[in-house]
Each structure stands twice: as structure tokens, then as C-alpha cells.
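Worksheet: one structure, shown below.
What follows draws every value from the coordinates through simple rules; no lab data is involved. All of these numbers come straight from a predicted model, not from anything done at the bench. As a convention, Cβ positions derive from the backbone with ideal geometry for all residues, glycine included, and neighbour counts pool all protein chains shown.
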Amino acid sequence: MTIEVTRSTCVGAGQCVLVAEDLFDQDDEGLVVLIEEDPGEDRVDSARRAASLCPARAIQVRE
Amino acid sequence: MTERIVVVGASTAGLATVESLREAGFGGEVVLLGAEHWDPYRRPALSKQILLGTWEPDQARLVEASALRALAVDFRLGHRAARIDRRSRTVQTDHEALGTDTIGYDAVVIATGASARQPSWASYSAGVDRPAPAIHLLRTLDDALRVAGQLVRGRRVTVLGTGVLGSEIASAATARGARVSLVGRSAGLSLGAAGLRFSDRLRALHAAHGVEVRTGGEVVAVRSSDGPGYDVLFADGTRLGSDVVIAAAGAEPAVAWLADSGLLTDGNLLADSHGRVADRVFAVGDASSWLDPATGTHRACGHQLTAMEQGRSVGRLLAAGHLSPYPIPFFWSEIHGARVQASGRLDIADSVELLAGDHDSDQALFGFRAGDRTCGLVAWNLPKPFRTHQAALLAQQSAAGSAAHLLETS
């Protein structure tokens, strides 16, 4: 699994950090910072959940 | 068994419906009808990145072309739905070049969105001997590209509308070097469901960037002026010279095509809190008003995240029979570089308190309260405190939501 984030699309809602703080963080402006680009398969569910909760659809998960 | 699902409307809500149908394992046929000629795109970007000129249209796409193909749906661009016949279970479509077509459905999901409202006076502003001036509306990507082309340095731009969209357009036009006036009938500037509570803050922001704000002024017409451009005429007889006039007077559900369907109640497409309208008929996004289980009233959707969640909710319901919790509103805005984030039920609040930051600074987080509980949040340039408080709000609402859900299904 790989995760991609599009910072130009991010609106800093922070939903991703709420559900997967081991994968995502926010910088000082609130924009998404990807911590783990290629996490293990055991974290697919939380990555997918973060992607689906993102109000700006700024997170892509590819398997 | 449901064999063919027709989703009418290929924007945020329609796309989310289709994605979630496939994700939840629906293996039948899916037809996705889109009235425009663009692949699904991000509507919130229209009044921000597209007007600013920082994004090309392709950057506004909601989904990569390859991902769209991978959904294996029959995606028909440029096919506008013209009618539903519930007896024969068909949707009739109209295409500019290909003409009309009829598609049968086992279930249909209506996601036709909303249209920009024409100002009420626009129909008679043609005047006596001159053609009606072009009053720009902003709803579609084509609209946004057209308006962006008008935002030229030094031009006089008048934005009609005191809501968030009006403020965003004024902000983008200013950034492009235009001389901007923001006018409307309302007593102040509003921020979505928060109403006029942040009017002073918005006024200060616009003033700091040179936007002239004129509230409480009723526009009665826009006429070609004797010189270049137009005159915006107010009820009190004053006029405002403008080169470009953009109306942001709100939006209304695009449901006129359902007029003879028997699905509308006083012109509205009402759904229950899971998107069901009638037998085999569902509705998502701005076209519909879902029943809010907390208040027992129907509410329009209005924001991208709610449209996405409604689409997913109906997708899961149709594919797997799952009922999803009622979505919690969230919206964001960017006005003169200020990042605004709002969540929850701002409309039912009876008081507002400062949670972080400072009343007089550009960084502030406000809690909206109904009685003794927090029902919503609005952050100005404070994304991290917003997230922390948002977590608490979501936890509280999901506890309340699961209780409401138990009540509903018991």
C-alpha cells in the first residue's frame, strides 16, 4: 500500500490526524504532512478511513 | 435484486455514490449521468484556486481519469436528465448532439446539485434601448473560467452577495488586482450557518485589503452606463460604476426536471435521514433535503463533505443494506488568505464563546453552544486547536448519534 497526499488541495481540517496519527501530521499552517508513505498492510483500514474522511479528498491510498 | 443503478449527476455527491457502490461490493451495472462536459471536479476550488488562476482546470478534478475508469461505470458526459418516469422506471436524457435517450433503472439516485440563483431584477434590467449587461454567475467550472478571465488588474468589479461565496469572489478579485465592491441587501456579511456572527471580522478583513463593502443596499438594476461599463443602481437612487458584475445570490436545488415526477414536496426533494425519497428513488447532495434526526426537519446539504457523506451513505445502503450515521456538517473558506474552518451545527447555537486565540487578532477559535453543550466550532487561522476541539465534538456527537440511531431502529 502507498499513500499520497496533495498539499495544494489540503484544507487543514485535520480529520486524517484524528483517525491515523501514526500516518499523518499537520504543519504550522495546518496542512497535511505524510509521516509514513508506505506503511504495512495492517494499517490499510486506518489509511482508507483517513482518505474517506478528508473533506478535500487530498489523500489517495493505492494498494 | 438490484441490477442497474442510475446515478443522475456527476459531481461530488454522484461520484461518491458510485465509488461507494463499488467499494461496498455492488457488481451490477452503474450508469453515471453528467450534464456538464467535465469529469467530476472540486466545486469549492472554483471560487478559490480557479478564480485566483493558481490552478488549471485539471488540478480541480475530484478523481484521476484512471481511477474513474477503474470504477467500471457507464459514465455519460453531456447527458442532461430531462424526466423520470417511475411507472416504467426510466430516466429520459437529452444530449446536445446525440438527442434524447431512455435508460431503465432498478434504483435511481438523484444528484443533480443546485443552480446559482439569478438576482430577481436580472430579468428586467435590459433597460430601454440597450441590451442587458452580462451578469456573471458562479456555479460551474465553465462559469469560474469565464469569471476568472474578467478579473483583470485595475477593473472595477462589483460582487452582489454578502455570503461566503461573495466574500471569496471579492477576495480572489482583489488578489488579481481588481478594484472590488461587495454589496448586498443584508445588514452584514454572513459566514454560512454562522450567520452574521462574524460580520465585523469579515468587514475588517475586506477593509484591510481595500474591498469596499456596502451592506443594507438593495440593488434594483444593472444598466449599461453612458461611459464604459455598467451602472449598478440602488433603490435609494445611488449608482456604482462597474466593469464586471458578478452575482452570488445563493443557490437553489436543480430539481425543475422532476416537476411532473410526483417526487417533489412544495418544490423540494425531501429524503429521510438515509437518502430515501420513494420506492427505488434516492437523493444525495445539494438537490435534496435530508431529514435531520436531531431536529425532525429537512435540511439542505450545502457543502462538499456533506455531499460526499450522503453519496457514500446511499452507496452503502444500496450495495450492502448498511445504514450510516447522519453526516456532521463541515465547511472551510479562504478569504484574503485567512483560513476559516467550521464544523457542527452552527445554526442551532444560542451562544458563542472564545476557546482559543484572541477576539482582536486574526487567530481565534469559537465554540458554538446550544444550552450546556457544544454544537459547533469556527476557527480563524487556528487549524491545530480546531482539530483538538473537533475530536471532542465528534466523540460527543457520535455518542449522541448512536443513541439516536438505536431509537430510530428499535
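Could you check the simple spin-label distance between residue B:238 and residue B:102, using points 7 Å along Cα→Cβ, in nm with one decimal? The two pseudo-label positions are separated by 5.9 nm. Largest first, the three principal axis extents of the alpha carbons in the stretch B:1-92 are 47, 29, 16 Å in whole numbers. Under the convention that each Lys and Arg Cβ holds +1 and each Asp and Glu Cβ holds -1, the size of the dipole of chain B around its Cα centre is about 460 debye.
Computed from the C-beta positions of residue B:361 and residue B:196 and an R0 of 22 Å, the FRET efficiency is 0.60 to the nearest 0.05.
Applied to the stretch B:242-255, the Karplus parametrisation 6.51 cos²θ - 1.76 cosθ + 1.60 on θ = phi - 60° returns per-residue 3J(HN,Hα) values of 9, 9, 9, 10, 10, 9, 10, 9, x, 9, 10, x, 8, 10 Hz, with x for Gly and Pro. Whole-percent P(r), the protein assembly as shown, all Cα pairs, 20 Å bins from 0: 23, 57, 20, 0.
FRET efficiency for the residue B:37 to residue B:225 pair, using the beta carbon distance and R₀ = 41 Å, is estimated at 0.70. Over the stretch B:118-249, the reciprocal of the mean inverse Cα-Cα separation, the Kirkwood hydrodynamic radius, stands at 14.8 Å.
Shielding value for B:383-395 is 4, the average number of Cβ atoms from other chains within 10 Å of each residue's Cβ. When chain B is described by a simple charge dipole with +1 on each Lys and Arg Cβ and -1 on each Asp and Glu Cβ, the residue from B:45, B:264, B:20 located farthest towards its positive end is B:45.
On average over all directions, what projected area in square nanometres does the stretch B:337-409 have, based on the convex hull of its Cα atoms? Could you put the intermediate results ahead of the total?
Working: hull surface 21.7 nm².
Hull-based average projected area comes out at 5.4 nm².
The modelled label-to-label distance between residue B:23 and residue B:59, using points 7 Å beyond Cα along the C-beta direction, is 2.6 nm.
Given contacts defined as C-alpha pairs under 8 Å and at least six residues apart, what's the relative contact order of chain B, whole-number percent? Intermediate results must be reported in sequence, preceding the final value.
Numbers: 899 pairs, mean separation 63.8, N = 410.
Reported relative contact order: 16 percent.
Think of the protein assembly as shown as a dipole: +1 on every Lys or Arg Cβ, -1 on every Asp or Glu Cβ, centred on the Cα centre; then among B:313, B:254, B:31, B:254 lies furthest on the positive end. Pairwise inverse Cα distances across chain B, averaged and inverted, put the Kirkwood hydrodynamic radius at 22.7 Å. Calculate the translational D of the stretch A:2-62 in whole µm² s⁻¹ from Stokes-Einstein, where the hydrodynamic radius comes from the Kirkwood formula applied to all Cα pairs, the temperature is 25 °C and the viscosity 0.890 mPa s. In µm²/s, the coefficient is 222. Charges were assigned to the Cβ only: +1 to each Lys and Arg, -1 to each Asp and Glu. The resulting dipole of the stretch B:118-249 about its Cα centre is roughly 280 debye.
Segment residue B:276..residue B:118, full-extension length gain: 53.9 nm, with 0.36 nm per residue of separation and the alpha-carbon distance subtracted.
Using packing as a proxy for protection, rank B:288-298, B:172-182, B:269-279 so that the peptide with the highest average count of other Cβ atoms within 10 Å comes first.
B:172-182, B:269-279, B:288-298
Per-residue mean of foreign Cβ neighbours for A:56-62 is 3 (Cβ atoms of other chains, 10 Å radius). The slack in the chain from residue B:134 to residue B:294, taken as 0.36 nm per residue of separation less the alpha-carbon distance, amounts to 53.3 nm.
Taking every residue in A:14-26, how many Cβ atoms of other protein chains lie within 10 Å of its Cβ, on average?
Working: counts 10, 7, 1, 4, 6, 2, 0, 0, 0, 0, 0, 0, 4.
Whole-number average of other-chain Cβ neighbours for A:14-26 is 3.
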